[in-house]
Amino acid sequence: MLERSDCTLEWFGVTTFRLRLGKLTVMLDGYIERIGRASGSGQSVKDVAEADWILVGQGDFDHIGNVLSLASRTGATVVANHHVLHQLRGAGLPDAQGLPISGGEPIPLNPDVKAVPIPALHSHVWAPHSADPDKVLTGDLDINVFERRRRDADVFKSLEDAALCGPEIARHVAGLKPHDFDHGGTFAFRISTPVGSIIFKNSSGHWSGLLPSMRADVAILAISQRANVDGEPFQGAWPSFMADEVKAIEPKTVVMCHHDDWLPPFTPAKSVEPLRLELERRGLSVRVIDPSRGQRFPLFA
């Protein structure tokens, strides 16, 4: 019988977590190893000795960079969209270790725990963004797909060109296989257990009509780049976006992620304090956790 005290979470930086539910171990995303000057750079795939499942929310390198190694090391089944699994299988993942999803299908992780993928949206890499919690961003609406992809390509090129980003970052990104800077569709995962529920949302974007289906006791929420609401850039500051999500999801606990400086100098860290202040301003009583790498903490405290 699963007890609340058996449910713990451990952060590996960005949006990668190890979720332990009794004897069940679930990796959420799989990007662990970083460049030397990044925060959390001392962690390794070798720190993960076992896993039953790897739930992958999207296919960008900062989410799947070490999934293939983790799957090979642990024998875990990888749950991901068809695009991601096509990439992983092409790089050597056995067919039997991949479970493709389209959204909405219940996945029994064991007899007592299930996960349901819910379609979500990726943040807007192409749009202006800021780590400043007081910076109110407006505009950039109704930009067509061709212009968005052109701007995306400019950003991604800067991560592969040593003359632009430096040799360390260029080598790091080139060495993370597979990746093609195309997330292939983003999913959140709602995990139900006998003692509580969890929503894992690894990018700053959503369809407003689907937020009620993400309601859970614990919300693991990412904040990165310009938030995406129903396909358009969020109009406002990032703490306001996150507070909107919290209000709709109604969690008791929020675990913030993707707020660390994981690829300096491109990824300035964000503090959790502006989110706490915004939630207090709105009268939302929620426990907000700023996770520390490598430290397990109870989910349902």
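At a glance:
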read-out: VAL14 vs. criteria touching a residue at least 40 places away in the same chain (Cβ under 8 Å), aliphatic (A, V, I, L, M) and assigned to a loop (DSSP other than H, G, I, E, B); value: yes
read-out: Yes/no for ARG89 being touching a Gly at 6+ places or on another chain (Cβ under 9 Å), of a type in the set (Lys, Arg) and part of a loop (DSSP other than H, G, I, E, B); value: no
read-out: Filter pass, GLY184 being free of Cβ contacts under 8 Å to residues at least 24 places away in the same chain and either under 19 Å from ILE118 (Cα atoms) or not in a helix (DSSP H, G or I) (or both); value: no
read-out: Single unsatisfied condition, HIS122 versus (1) more than 19 Å from TRP262 (Cβ to Cβ); (2) modelled with pLDDT of 90 or more; (3) out of contact with any helix residue (DSSP H, G or I) (no Cβ under 8 Å at 6 or more places or on another chain); value: (1)
read-out: Cβ pairs under 7 Å, 6+ apart, first in the range 110-125 and on the phi > 0 side of the Ramachandran plot, second in a strand (DSSP E or B); value: none
read-out: Number of the condition not met by ALA153 [criteria: (1) in a loop (DSSP other than H, G, I, E, B); (2) of a type in the set (Gly, Ala, Ser); (3) surrounded by 12 or more Cβ atoms within 10 Å (Cβ to Cβ)]; value: (1)
read-out: Contacts under 6 angstrom Cβ, first residue in the range 282-301 being over 12 Å from VAL254 (Cα atoms) and touching a residue at least 12 places away in the same chain (Cβ under 8 Å), partner charged (D, E, K, R) and part of a strand (DSSP E or B), 6 or more apart; value: ARG296/GLU10
read-out: Residue in the range 50-60 that is modelled with pLDDT under 95, acidic (Asp, Glu) and outside any helix (DSSP H, G or I) present; value: yes
read-out: Residue within the range 66-79 that is among the small types (Gly, Ala, Ser), touching a residue at least 60 places away in the same chain (Cβ under 8 Å), out of contact with any Pro (no Cβ under 9 Å at 6 or more places or on another chain) and buried (at least 22 other Cβ atoms within 10 Å of the Cβ) present; value: no
read-out: Count of residues meeting criterion [exposed (fewer than 13 other Cβ atoms within 10 Å of the Cβ), within 25 Å of the chain's Cα centre (by Cα) and in a helix (DSSP H, G or I)] in the range 118-148; value: 1
read-out: Count - residues of the range 204-261 that are more than 24 Å from ASP142 (Cβ to Cβ) and touching a residue at least 60 places away in the same chain (Cβ under 8 Å); value: 12
read-out: Test set (1) buried (at least 17 other Cβ atoms within 10 Å of the Cβ); (2) out of contact with any helix residue (DSSP H, G or I) (no Cβ under 8 Å at 6 or more places or on another chain); (3) over 24 Å from ILE199 (Cβ atoms); (4) of a type outside the set (Gly, Ala, Ser) - ASP62 fails condition number; value: (3)
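One line per residue, one yes/no per condition, for (1) within 24 Å of SER285 (Cβ to Cβ); (2) modelled with pLDDT of 95 or more; (3) polar (S, T, N, Q):
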residue	(1), (2), (3)
HIS206	yes, yes, no
ARG215	yes, yes, no
VAL218	yes, yes, no
ALA222	yes, yes, no
SER240	yes, yes, yes
GLU245	yes, yes, no
THR267	no, no, yes
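The values are calculated or read from the model by the stated rules, or taken from the named source; none is laboratory data. Note that this is a predicted model, so its numbers are computed, not measured. Glycine also receives a Cβ, built like all others from the backbone with ideal geometry; neighbour counts cover every protein chain displayed.
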